[in-house]
Amino acid sequence: MQTGISCVSAVKCNTDEALLHVLADMGASFDCASKEEIEAVLKLGVSPTRIVYAHPCKPISSLFFVKRREVSLMTFDTVNELHKVKVSYASARLLLRILPEQEFDARFKFEGRYGCSVTEAPKILQSAKDLNLNVVGVCFHVGSDIRNPEAFISILQQSRTVFDIARTIGFNMKILDIGGGFPGQKNTVRRFKEITEVINKTLLDLFPPEENLEIIAEPGRYIVASAFTLVANIIGKRCYKKPADVDRDGSKLVERYEKDRRKYDDLFSE
Ligand SMILES: Cc1ncc(COP(=O)(O)O)c(C=O)c1O
């Protein structure tokens, strides 16, 4: 990616303390989605200026907490959230989360859960202005493990439009947070390269260096997918959507119950 893009690790992807330590020691910044994640990162001695509170809908108690701990950069996507920020942390620096207009193939889609449309943006930004709040940029998430790099072209075009709308309302926005979505498994190096090339080119076209923006990315999967294996003990199985690819008829699990029976028979017969 462009050398100017700073990396903010998404804590929700893996809260392992050893990992957070390594990232903190390497000078990474952190995307935290909750008070608990922020506490975990602050406990490592990370400066509050290296944290983005990246959840557009926050409990008011958490807003009072981050004000005390001076974590000032945070996301929002509604007028309602602005009213909450106004009463709890009026000097916060706010990133408007926008919703991708087009759905591209991603392993995990947010399906419209967060973010406002470009059409809603003027009203929300005007409300922020009327409330005298400080909107400093735009953020988004294209969906996790994106397959098609064009997803970034499309959302960066939307971001440009929102930057221009914000200027007409009186905000000189300086931060563009391009979120996560990057693949991280061992066999995805080529795809990662393709995606980052598209991002770099589009950023150069739409947000020329003279604008002096701070551009940040929030990779999660990219950092942890090939470094960790999640182990879970499956205790039962019920297919409610479509048969799973592996062990379609559940016979493997039944075999395991048999093994368990023998294990427990042995254990309790001693
Ligand atoms: C706001 C935000 N940023 C970053 C991430 C990390 O995304 P990914 O693992 O796709 O890189 C997530 C994941 O849900 C997220 O919600």
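The values are calculated or read from the model by the stated rules, or taken from the named source; none is laboratory data. All of these numbers come straight from a predicted model, not from anything done at the bench. Note: ideal-geometry Cβ built from the backbone for every residue, glycine included; neighbour counts use all protein chains shown.
Quick check: is even one residue across the stretch 184-204 in contact with a strand residue (DSSP E or B) (Cβ under 6 Å, 6 or more places away or on another chain) and either surrounded by 16 or more Cβ atoms within 10 Å (Cβ to Cβ) or within 22 Å of V135 (Cβ to Cβ) (or both)?
From the stretch 184-204, those in contact with a strand residue (DSSP E or B) (Cβ under 6 Å, 6 or more places away or on another chain) are none; that's our starting set.
Looking through the stretch 184-204, none of the residues is in contact with a strand residue (DSSP E or B) (Cβ under 6 Å, 6 or more places away or on another chain) and either surrounded by 16 or more Cβ atoms within 10 Å (Cβ to Cβ) or within 22 Å of V135 (Cβ to Cβ) (or both).
Among the strands (runs of 3 or more DSSP E) lying completely within the stretch 116-199, list those that include at least 1 residues that are more than 16 Å from the ligand (Cβ to nearest atom), without any contact (Cβ under 8 Å) to a residue 60 or more places away in the chain and in the same structural domain as L96 (by TED's automatic domain parsing). Before the answer, list the steps.
Numbers: elements: 134-139, 144-146, 175-177.
Answer list for the stretch 116-199: 134-139.
Just to verify a result, which residue in the stretch 80-115, among those that are in a strand (DSSP E or B) and modelled with pLDDT of 95 or more, is nearest to the ligand (Cβ to nearest atom)? Walk me through how you get there before you give the answer.
Within the stretch 80-115, the subset in a strand (DSSP E or B) is 93-98, 106-108.
Of the ones still in play, those that are also modelled with pLDDT of 95 or more are 93-98.
Working: R93: 16, L94: 14, L95: 10, L96: 13, R97: 8, I98: 12 Å.
If we take residues in the stretch 80-115 being in a strand (DSSP E or B) and modelled with pLDDT of 95 or more, then R97 is nearest to the ligand (Cβ to nearest atom).
Take the stretch 8-41 and flag every residue that is touching a residue at least 60 places away in the same chain (Cβ under 8 Å) and surrounded by fewer than 18 Cβ atoms within 10 Å (Cβ to Cβ).
Across the stretch 8-41, the qualifying residues are K12, D16, L19.
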